[in-house]
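Participant: Sharing a structure here in structure tokens format.
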Amino acid sequence: MLPSGTDLWNPVTKTRVVIVRTAAESGGRELIVDWIVAPGERMVAAAHLHPGPDGVVAERFELLAGTAGYRVGRRKGRGAAPHAWDIPCNIAHVHPWNAGGNAMHVRQTIALAEPDAKLLEGVQAFFETLVALSQQGRADRKGNIRGQLQNALSLYELLLPGTYLAGVPRRLQEVVLGALAALARRRGLSAYVAPRAWSPNPLDEHPPTS
């Protein structure tokens, strides 16, 4: 896992990803990541949810620059910076997309009531892996990993049981992804793939790293 301050570049979505605060630095209570997304691009598009007590906030998004569109449950939202919104546990949602003509800068915060370093480290590892696979041409503009076995392995080992796809029974996801993940491991695949460090790109805004 990469330390805070690490600056990554996803060439597929033209997005900069900056690790602001890690689980290790917060005692397993918090993960903060900045996303700077080019016009016409988006963060991961798949609808998903985070299990937990009803009414508890699973994550928070703060729009620091630009205009964002997003979906929480059946409600679509749109806002211009400064703007913020919460994602409750058990509610299907879609991460923000750039709805404006300039770079969108969003800060994503996952704060836990009880420490769970493994869960937060898995989420960070998934973000890093998605960037790495994008750099290798193995992920698309919607954040879908190409290759059924790699996709299943990364989802199963890095995100479950803290994140599930929306609209598919959780137990079914566990069984199917678990079986595919086992096959992927036997074929020598790894759930985590390390990304290359950031290199210059067309976006003109650099997010804060503290």
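Any read-out appearing in this document is the output of simple, stated calculations on the displayed coordinates, not a laboratory observation. Quick caveat, the model's predicted, so the values are computed rather than measured. Cβ sites come from the backbone with ideal geometry, for glycine too, and all protein chains shown count toward neighbours.
Participant: What dipole magnitude, in Debye to the nearest 20, does region 74-165 give about its Cα centre under +1 on Lys/Arg Cβ and -1 on Asp/Glu Cβ?
Facilitator: 560
Participant: How big is the dipole moment of region 64-128 about its Cα centre under a simple scheme where the beta carbon of each Lys and Arg is +1, that of each Asp and Glu is -1, and everything else is neutral? Debye, nearest 20, please.
Facilitator: Here the size comes out at about 480 debye.
Participant: Let's test the formula: R0 of 25 Å, r as the Cβ-Cβ distance of VAL56 and ALA80. What FRET efficiency results, to the nearest 0.05?
Facilitator: 0.35
Participant: Let me ask something else about it. For TRP35, TRP97, TRP85, what ranking results if the residue with the fewest other Cβ atoms within 10 Å of its Cβ goes first?
Facilitator: Ranking TRP35, TRP97, TRP85 by Cβ neighbours within 10 Å, fewest first, gives TRP85, TRP97, TRP35.
Participant: Still on this model: Here are several values of volume of the Cα convex hull per residue in Å³: (1) 113; (2) 161; (3) 220. Which one was derived from the coordinates shown?
Facilitator: Recomputing volume of the Cα convex hull per residue in Å³ here gives the entry labelled (1).
Participant: Could you give the dipole magnitude of the chain about its Cα centre, charging the beta-carbon of Lys and Arg +1 and that of Asp and Glu -1, in debye to the nearest 20?
Facilitator: Details: 23 positive and 18 negative charges, 166 e Å.
Taking the Cα centre of the chain as origin, the dipole is about 800 debye.
Participant: Same structure, new question: Report the net charge of residues surrounding ALA182, where surrounding means a beta-carbon distance below 14 angstrom and charges are Lys +1, Arg +1, Asp -1, Glu -1. Each step should come with its number before you reach the end.
Facilitator: Details: positive: ARG185, ARG186, ARG187; negative: GLU157, GLU174.
Its environment carries a net charge of +1.
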